[in-house]
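These notes are about the structure you will find just below.
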Amino acid sequence: MKTIVFLGFLAVALAAPQAPTEPIPILKQESEINPDGSYQWSYETGNGIAADEKGALKNIGAEEPALQVEGQFSYPSEDGGNIQLTYVANENGFQPQGAHLPTPHPIPEAIQRALAYLATASPQPEN
């Protein structure tokens, strides 16, 4: 019984995907942090992964400034294409953009008309 269990574990271990035996080289790596709090960094690897980001404090008219961050990253997809995502993160939240991201269905025309009507209608008194 122990032999059967051992052979089962051995078969699972041999069937598991193997990690690359050689390290992936870093082709480019840069970073900079400035005294005013702004920064930027970027890197590129030998397997097609690349990313960069920059950020700085932004005066938004509030008591404290907000951090404005802009960046992008890309990597090869399993089907041989390239996945690329750009983003902005600020006082309005994280806003990604990329061709691979899902998009909402268009709002049906009848609902658009109803929303336009409701936007122009006077408020109803509460009971």
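Just so you know, all these numbers are worked out from the coordinates, no wet-lab data involved. Predicted model only: the values in this text are computed from it and were never measured. When we count neighbours, we look across all protein chains shown, and the Cβ atoms used for this are built from the backbone with ideal geometry, even at glycine.
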**Report entry** Enumerated strands (runs of 3 or more DSSP E) restricted to region 36-125, each holding at least 1 residues that are charged (D, E, K, R)
**Finding:** 39-45, 50-58, 66-76
Report summary line: Reported set for region 24-35 where residues are closer than 17 Å to Tyr75 by Cβ and assigned to a loop (DSSP other than H, G, I, E, B) is Ile24, Pro25
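Considering each of Gln68, Gln40, Gln72 in turn, give the residue that is surrounded by 11 or more Cβ atoms within 10 Å (Cβ to Cβ) and within 15 Å of the chain's Cα centre (by Cα).
Checking each option against the conditions leaves just Gln72.
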Requested in this report: Kindly list, by first and then second residue, each pair from a residue in region 45-61 that is closer than 14 Å to Tyr87 by Cβ to a residue that is part of a loop (DSSP other than H, G, I, E, B) and not β-branched (Val, Ile, Thr), limited to pairs with Cβ atoms under 8 Å and residues at least 6 apart or on different chains.
Outcome: Lys54/Ser38; Gly55/Ser38
